[in-house]
1. State all residues of the range 103-150 that are in contact with a helix residue (DSSP H, G or I) (Cβ under 7 Å, 6 or more places away or on another chain), in a strand (DSSP E or B) and either on the phi > 0 side of the Ramachandran plot or surrounded by fewer than 20 Cβ atoms within 10 Å (Cβ to Cβ) (or both); if no residue qualifies, say none.
2. Within the range 92-102, count every residue that is part of a strand (DSSP E or B) and more than 15 Å from the chain's Cα centre (by Cα).
3. In the range 151-160, what count of residues is obtained for those that are out of contact with any helix residue (DSSP H, G or I) (no Cβ under 7 Å at 6 or more places or on another chain) and either at pLDDT 85 or above or crowded, with 19+ Cβ neighbours inside 10 Å (or both)?
4. Condition (residue is more than 30 Å from PRO34 (Cβ to Cβ), touching a Ser or Thr at 6+ places or on another chain (Cβ under 7 Å) and at pLDDT 80 or above) applied to the range 100-113: is it met by at least one residue?
5. Quick one: which of ALA71, ALA30 is within 13 Å of ILE123 (Cβ to Cβ), free of Cβ contacts under 8 Å to residues at least 40 places away in the same chain and not hydroxyl-bearing (Ser, Thr, Tyr)?
6. Taking the condition of being more than 21 Å from LEU29 (Cα to Cα) and charged (D, E, K, R), how many residues in the range 80-117 meet it?
Amino acid sequence: MTTPPPAQHAQVFTAVEREYLAGQPLARLATVGPDGGPQVRPVGFVLNDDDTLDIGGPALRRSQKYRNAEARPEVSLLIDDMAPADDPIAPGWGRGVEIRGRAEVLTLDAPPMAPDFFSNDVIRVHPRRVISWHLEADGDRTRARNVNANANADANPDAR
């Protein structure tokens, strides 16, 4: 009897989006505070193989963004920059990816980045909607799509 291969998850991000995200060191995380108002903070992040994103920081568990994500897990993560003047797609224009999704607070065995500085606590974002712009040669078009709930169901069974 042959063992079937492990199930492959559908890719949330395009190859171009993945390359862009891998090259960016900083994002902004938007959470909802206890008074219902927005809070936006710069954060470091790592794109995981399953297309979730881990946000880290020093003493993250003690931060307001961590408490916000734990209490109200709907978040938005924005990764953007200005394309260089010689960029073939959007020279001198803003470009980026916005990821709207559900946050999960976790403690990992090791920090996902900056192990000498960051704690083991992370905010893991499970994408539900992805919006990207000026990353691909498609005119001035913004790409927006909902993420198939099964695309990262292994990582987040509640997304089904």
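1. VAL105
2. 2
3. 2
4. Going residue by residue through the range 100-113, those that are more than 30 Å from PRO34 (Cβ to Cβ) are 109-110.
From what's left, touching a Ser or Thr at 6+ places or on another chain (Cβ under 7 Å): none.
No, the conditions are met nowhere in the range 100-113.
5. Details: ALA30 fails: free of Cβ contacts under 8 Å to residues at least 40 places away in the same chain.
None of the other options fit; the residue is ALA71.
6. Of the residues in the range 80-117, 4 are more than 21 Å from LEU29 (Cα to Cα) and charged (D, E, K, R).
The values are calculated or read from the model by the stated rules, or taken from the named source; none is laboratory data. Predicted model only: the values in this text are computed from it and were never measured. Backbone-built Cβ (ideal geometry, glycine too); neighbour counts: all protein chains shown.
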